[in-house]
Ligand code: ADP
């Protein structure tokens with residue numbers, strides 16, 4: 001009986017989930033917030049209980065120490081020895097990490113180097129890896145990348161039509177994101193459809209606060225909507241998704257707001273999308289509520305959001321030359337009957353059709369009518385489980 005912990009470290013947070021493996025049973029999970037600030041909050045959930053404490057946690061090593069102590073304090077483990085593996089989610093693996101990798105040699109340095117591609121995330125991920133190495137040096141430590149599932153994309157899909165030197169010298173290309181989620185739901189979809197993944201053409205829609213859509217052929221990503229960074233692709237909670245790049249130099253010239261790179265980045269990443277257009281909220285539930293109350297801007301935001309998803313599905317139906325199924329996952333994909341219905345009913349010509357009796361809140365699995373030739377599935381994603389499985393698989 002071994003225990004494996006899946007870690008998702010942000011710059012000021014650390015999300016974790018402890019599994020008993022190989023049973024894949026979740027023993028406890030938690031979140032440490034406000035690392036490096038005053039009044040950090042550590043929440044531990046286990047056995048239907050939720051325990052919270054507020055204290056000052058200066059850095060990631062201390063956060064890991066507190067999490068491990070909590071596991072003992074709440075009798076979730078008797079000693080540290082019970083934990084035999086840790087898996088870390090890392091945002092950018094670049095072209096270097098094509099698959100999940102055991103942390104040894106120069107792996108941590110490489111993760112830090114790739115911080116160029118994800119300056120907010122990779123350094124925090126590396127801090128989490130180092131913290132575990134310091135406190136539990138002998139356990140199997142594995143890094144799992146958001147990008148590695150997409151390293152199977154063909155060059156024609158991942159290159160941008162810029163002069164080649166920006167690819168060769170500056171590494172500007174499409175990397176994508178949410179890879180563990182797309183991979184997981186594609187595998188689960190094969191089970192629901194009762195067919196081998198190798199023969200399926202799938203369009204996976206990970207639609208949460210961040211959103212991306214992937215074309216999956218034979219279990220491999222062949223194109224994805226997020227680009228060089230997670231800013232590309234469909235419209236999101238606070239991100240623009242794809243826009244005409246000429247808008248940026250134009251606004252640099254004619255507004256004050258677009259003067260500095262960090263301001264441009266903030267506006268495009270944090271103030272746009274559902275938030276920017278509705279002027280009210282980045283949360284789909286609020287947008288739908290405002291739309292139902294007759295708000296014009298919220299209605300427009302919703303319609304644009306659905307439109308961008310439909311267009312990306314259309315692109316990938318072309319990329320794949322047809323599809324066996326469209327899969328919805330993540331916060332909106334799993335929970336919003338409204339969005340699923342709006343997206344699919346507008347593209348029914350392709351052969352997809354949602355059954356209103358099956359497309360209900362809490363539904364999972366196939367929600368299509370019997371006659372639909374392209375199936376529509378709802379599959380809850382589980383990125384932590386993918387991480388825990390990769391640790392198990394790579395254990396020596
Ligand atoms: P993150 O990218 O932060 O992990 P999530 O996958 O948790 O995001 O998704 C968050 C989004 O899911 C929010 O926009 C939220 O409104 C939406 N959501 C959650 N439940 C529902 C629901 N019942 N109906 C519509 N949207 C929902």
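Just so you know, all these numbers are worked out from the coordinates, no wet-lab data involved. All values reported here derive from a predicted model rather than from experimental measurement. Note that we place each Cβ from the backbone using ideal geometry, even for glycine, and neighbour counts take in every protein chain shown.
Return one number: the angle in degrees, 0 to 90 and rounded to the nearest 10, between the long axis of the Cα atoms of helix 179-193 and the longest principal axis of the Cα atoms of the chain.
For helix 179-193, the angle is close to 70 degrees.
Given points 7 Å out from each Cα along the Cα-Cβ axis, report the residue 102 to residue 244 separation in nanometres with one decimal.
In this crude spin-label approximation the distance works out to 5.3 nm.
Would you mind putting 157-170, 15-28 in packing order, based on average other-beta-carbon counts within 10 Å, highest first?
Averaged packing, sorted descending, gives the order 15-28, 157-170.
Go ahead and run the numbers for FRET between residue 169 and residue 135, Cβ-Cβ distance against an R0 of 56 Å, rounding to 0.05.
Computed FRET efficiency for residue 169 and residue 135: 0.90.
Whole percent per 10 Å bin, from 0 to the bin with the longest distance: what is P(r) over all C-alpha pairs of the stretch 139-220?
Pair shares across the bins are 17, 40, 30, 12, 2.
Using only helices, what value at 222 nm comes out for the chain when you add -39,500 (n - 2.57) per DSSP H run of length 4 or more and divide by the total residues, to the nearest 500 deg cm²/dmol?
Computed mean residue ellipticity for the chain: -10500 deg cm²/dmol.
In the stretch 316-396, what % of DSSP beta bridges are antiparallel (nearest 5)?
In the stretch 316-396, DSSP labels about 40 percent of beta bridges as antiparallel.
Taking 0.36 nm per residue of sequence separation and subtracting the Cα-Cα distance, how much length would be gained by fully extending the chain between residue 385 and residue 260, in nm to one decimal?
Between residue 385 and residue 260, full extension yields an extra 41.0 nm.
What is the distance in Å between the Cα centres of the stretch 345-388 and the stretch 306-337?
Between the Cα centre of the stretch 345-388 and that of the stretch 306-337, the gap is 10 Å.
In degrees, nearest 10, range 0 to 90: what is the angle between the Cα axis of helix 122-135 and the longest Cα principal axis of the chain?
Once rounded, one gets 20 degrees.
Under 19 Å from the 7 Å Cα→Cβ point of residue 73, by amide nitrogen: which residues of the stretch 1-18?
Under 19 Å, as judged by backbone N against the label point of residue 73, lie 13-18 of the stretch 1-18.
What is the helix-to-structure angle for 296-320, meaning the angle in degrees between its Cα long axis and the longest Cα principal axis of the chain, kept from 0 to 90 and rounded to the nearest 10?
Tilt relative to the chain: about 90 degrees.
In the Gaussian network model of the chain, springs joining C-alpha atoms below 10 Å, which of 270, 195, 130 carries the largest mean-square fluctuation?
Judging by the Gaussian network model, the answer is 195.
If you restrict to DSSP beta bridges whose two residues both lie in the chain, what percentage is antiparallel, to the nearest 5?
If we restrict to bridges inside the chain, about 65 percent are antiparallel.
If each residue of separation counts as 0.36 nm, what is the full-extension length gain between residue 34 and residue 307 once their alpha-carbon separation is subtracted?
This chain segment gains 94.6 nm when fully extended.
Rank 251, 55, 274 by mean-square fluctuation in a GNM of the chain with C-alpha springs under 10 angstrom and give only the top-ranked residue.
251
What would the Debye formula give as log10 I(q)/I(0) at q = 0.07 Å⁻¹ for the alpha-carbon point model of the chain, no solvent?
-0.34
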